[in-house]
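**Q** Here you go, one structure.
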Amino acid sequence: MPVFGIDIPKLSKKVLFISEENNIHKLSQYVKEIDPDKKLPLDNIYNYNIQFELSRSHFNPTMRAFVWDYLMDISWFDFENSKYPELRYFEEVIFNIMSYFISTPCFQTSLPGYIYLLSEGILPYEEICFHNFFLIDFSESPVTMEAIRHFRLDVKDSSVRFVFKDYDMSLSETFRVLISKNDFLEFLQQKHSITKIERINHAIYTVLSNL
């Protein structure tokens with residue numbers, strides 16, 4: 001089954017800081033079919049100690065199916081009418097990010113390839129470029145397009161971290177805020193035991209703490 005990522009040598013020569021060059025259709029020209037068994041070149045990014053691999057998930061097959069259903073359950077929470085509607089943007093983005101770990105194979109890996117170039121200092125960070133590579137991997141739906149605008153990347157030396165701009169927090173810190181909300185936990189407990197919720201939240205937190 002085909003897997004797609006970026007042409008790293010070609011993208012490394014991209015013209016910088018020109019809006020037309022960061023147009024999503026322009027950036028899609030850097031996407032190509034890649035070897036599905038080859039590791040993404042993220043080993044040198046020290047905070048990615050959980051490696052992205054195309055041929056297997058970090059989660060075992062049984063847990064993977066449950067995590068997918070669990071994330072779907074989270075998406076049904078009524079964020080809009082809660083006291084923290086902004087977290088609907090967070091939920092939308094982590095749902096997509098987690099698909100790197102719970103989908104086999106991972107069909108689109110353009111964003112991790114772009115992150116590699118940032119970590120190596122080969123490309124400087126351009127926020128619209130980040131947003132559009134995210135959309136290339138996942139979706140150009142209005143919901144996703146709005147959600148990713150609430151995120152930026154924090155690039156320091158070889159460390160590249162996602163930041164939720166509404167709270168100025170990392171993914172793991174924001175997830176910790178979300179799962180501390182009593183009404184949100186009560187919503188989850190309508191379907192899952194607290195033991196199962198705590199176990200899966202810990203697994204998700206562990207992954208997010210490396211991103």
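The values are calculated or read from the model by the stated rules, or taken from the named source; none is laboratory data. Not measured: the values here are computed from a predicted model. Using ideal geometry, Cβ is built from the backbone for each residue, glycine included, and neighbour counts are taken over all protein chains shown. To get the accessible areas, we keep the full protein, side chains included, count just its heavy atoms, and leave off ligands, DNA and RNA. Shrake-Rupley method; radii C 1.70, N 1.55, O 1.52, S 1.80 Å.
**Q** Considering (1) at pLDDT 95 or above; (2) more than 18 Å from the chain's Cα centre (by Cα); (3) not in a helix (DSSP H, G or I), say which one Y167 fails and leave the rest.
**A** For Y167, the failing item is (2).
**Q** Filtering region 53-100 down to residues that are modelled with pLDDT of 90 or more, among the β-branched types (V, I, T) and under 16 Å from A203 (Cβ atoms), which residue is surrounded by the most Cβ atoms within 10 Å (Cβ to Cβ)?
**A** I94
**Q** Which pairs turn up if I take residues in region 64-83 that are free of Cβ contacts under 8 Å to residues at least 40 places away in the same chain and look for partners that are assigned to a loop (DSSP other than H, G, I, E, B) and open to solvent by less than 90 Å² (accessible area, probe 1.4 Å) with beta carbon separation below 7 Å, at least 6 apart in sequence or on another chain?
**A** Once the first residue is free of Cβ contacts under 8 Å to residues at least 40 places away in the same chain and sits in region 64-83, its partners that are assigned to a loop (DSSP other than H, G, I, E, B) and open to solvent by less than 90 Å² (accessible area, probe 1.4 Å) give F79/P85.
**Q** Which is under 25 Å from K14 (Cα atoms), open to solvent by 60 Å² or more (accessible area, probe 1.4 Å) and touching a residue at least 40 places away in the same chain (Cβ under 8 Å), of I128, I115, I136, I148?
**A** Within the list I128, I115, I136, I148, the selection yields I128.
**Q** State which residue is modelled with the highest pLDDT when the search covers only region 107-129 and only residues that are touching a strand residue (DSSP E or B) at 6+ places or on another chain (Cβ under 8 Å) and hydroxyl-bearing (S, T, Y).
**A** Among those residues, the one meeting the criterion is Y125.
**Q** Further, regarding this structure: Looking at S103, is it modelled with pLDDT under 95, closer than 30 Å to D35 by Cα, open to solvent by less than 50 Å² (accessible area, probe 1.4 Å) and not aliphatic (A, V, I, L, M)?
**A** yes
**Q** Continuing with this model, one more query. Going by the structure shown, is S110 closer than 23 Å to I34 by Cα, of a type in the set (G, A, S) and in contact with an Asp or Glu (Cβ under 8 Å, 6 or more places away or on another chain)?
**A** yes
**Q** Continuing with the same structure: Condition test on D183, is it on the phi > 0 side of the Ramachandran plot and open to solvent by 20 Å² or more (accessible area, probe 1.4 Å)?
**A** The answer is no for D183.
**Q** Given (1) in a helix (DSSP H, G or I); (2) closer than 26 Å to N23 by Cα; (3) modelled with pLDDT under 95; (4) not acidic (D, E), where does Y205 come up short, assuming only one miss?
**A** In the conditions (1) in a helix (DSSP H, G or I); (2) closer than 26 Å to N23 by Cα; (3) modelled with pLDDT under 95; (4) not acidic (D, E), Y205 misses (2) alone.
**Q** Here is a further query. What's the total number of residues in region 153-180 that are closer than 21 Å to G113 by Cβ and open to solvent by 70 Å² or more (accessible area, probe 1.4 Å)?
**A** Looking only at that region, the number is 2.
**Q** Can you name the number of the only condition in (1) farther than 16 Å from L208 by Cα; (2) buried (at least 18 other Cβ atoms within 10 Å of the Cβ) that K196 fails?
**A** (2)
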